[in-house]
Amino acid sequence: MLEYIKNLAVAAGKLALAEQAVLSADAVHTKATAKDIVTDADRKVEDFIVTMLKREFPDFAIFGEESGKSGHESDYCWVIDPIDGTAGFARKLPNWCVSIGLVHKGESILGAIYAPVKNELYYAEKGKGSFLNGIRMHVSSVSDLESSIVVTGLGCLRANWKEENNLKYISRIAPLVGDLRKYGSAALDCCRIAHGVLDAYWELLLQPYDIAAGDIIAREAGAVITDFYGGSDYPARGFLCTNGALHRTMLEFFSDYQDLRR
Ligand code: 2AM
Ligand code: CA
């Protein structure tokens, strides 16, 4: 199963890359808000993935960012983000990926993430470790904030959250860490925690398809993932993914977090 999903993620990524090369302005559309965009390529790539998954796994459920629920009722659900990092994709920036995760009764158990521009294939299966292009990955051992490089995202601002948004947490965290980055793809941010090249990642507004594959890829490499209360209700109540060594320290920044359920 993992081999099939790895190959599918690569094929879908190559399709997306070819689409990006010829993407025109009239192929870019807005969704819920003017800041929330989708391209014809997102839909085309998702259609391709869904068609292939239905053929290979006819008894599984499917949930995709663009097409919603399809397939059968099942405890096993493929959760797809055809392009994670669409804003950058549409501007021909390199940091985006295809993400396919398998969720069993709410738990991410298998995933593949392919970033075509750098030809990076990340994958993991529960209990079997996490890999980048065939090489086992492990989280970093950085345990002090001043040496850390952390990453976050601004999905909540794109959704126009006015209160309890990420600006408060960025202003708390940025002065204390070695460096703060923003790359625009939640799935790849999880992979970079897994790879040990970044040490902590947080975000306030994510959807299950943003992290379905990144969740298992990060945890199989030794990452700790919780919501902002230290529990497992993520991403609904916040998403904090760290190398483990920094988890308690990072969690303290969110001690007054209010779950406003928007
Ligand atoms: P996307 O590219 O699939 O839309 C970046 O911080 C992360 O947030 C990306 O994974 C991105 O996924 C997601 N994102 C972008 N805009 C968003 C919005 N308006 N609401 C929620 N999530 C968003
Ligand atoms: Ca997407």
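Listed by position, the strands (runs of 3 or more DSSP E) contained in segment 34-81 that have at least 1 residues being among the aliphatic types (A, V, I, L, M) and either within 13 Å of ligand 2 (Cβ to nearest atom) or closer than 21 Å to Glu3 by Cβ (or both) are 37-39, 61-64.
None of Asp75, Asp81 is touching an Asp or Glu at 6+ places or on another chain (Cβ under 8 Å), of a type in the set (D, E, K, R), assigned by TED's automatic domain parsing to the domain that holds Met52 and at pLDDT 95 or above except Asp81. Within segment 183-222, the set of residues being of a type in the set (Gly, Ala, Ser), within 14 Å of the chain's Cα centre (by Cα) and closer than 19 Å to Tyr123 by Cβ comprises Ser185, Ala186, Ala187, Ala194, Ala212, Ala213, Gly214, Ala218. Suppose the filter is touching a residue at least 40 places away in the same chain (Cβ under 8 Å), buried (at least 24 other Cβ atoms within 10 Å of the Cβ), out of contact with any Gly (no Cβ under 6 Å at 6 or more places or on another chain) and of a type in the set (Phe, Trp, Tyr); does Tyr201 pass it? It is true that Tyr201 is touching a residue at least 40 places away in the same chain (Cβ under 8 Å), buried (at least 24 other Cβ atoms within 10 Å of the Cβ), out of contact with any Gly (no Cβ under 6 Å at 6 or more places or on another chain) and of a type in the set (Phe, Trp, Tyr). On inspection, Val150 passes the criterion of being β-branched (Val, Ile, Thr) and under 26 Å from Tyr169 (Cβ atoms). Scanning segment 85-111 for residues that are near ligand 1 (Cβ under 9 Å from one of its atoms) and in contact (Cβ under 8 Å) with a residue 60 or more places away in the chain yields Gly85, Ala87, Gly88, Phe89, Trp96, Ser99. On inspection, Pro58 passes the criterion of being exposed (fewer than 15 other Cβ atoms within 10 Å of the Cβ), away from ligand 1 (no atom under 16 Å from the Cβ) and assigned by TED's automatic domain parsing to the domain that holds Ala25.
Taking segment 6-27 as the range and being surrounded by fewer than 18 Cβ atoms within 10 Å (Cβ to Cβ), among the small types (Gly, Ala, Ser) and over 12 Å from Lys44 (Cα atoms) as the test, the residues that pass are Ala11, Ala21, Ser24, Ala25.
Considering segment 82-95, the residues that are part of a loop (DSSP other than H, G, I, E, B) and over 10 Å from the mean Cα position of the chain (by Cα) include one that is farthest from Ala9 (Cα to Cα), namely Arg91. Exactly one residue among Leu251, Leu260, Leu206 is within 15 Å of ligand 1 (Cβ to nearest atom) and more than 26 Å from Lys6 (Cβ to Cβ), and that residue is Leu260.
The values are calculated or read from the model by the stated rules, or taken from the named source; none is laboratory data. Predicted model, so just to flag it, every value in this text is computed and none were measured. Quick reminder, even Gly has a Cβ in these numbers, built from the backbone with ideal geometry, and neighbours come from all protein chains shown.
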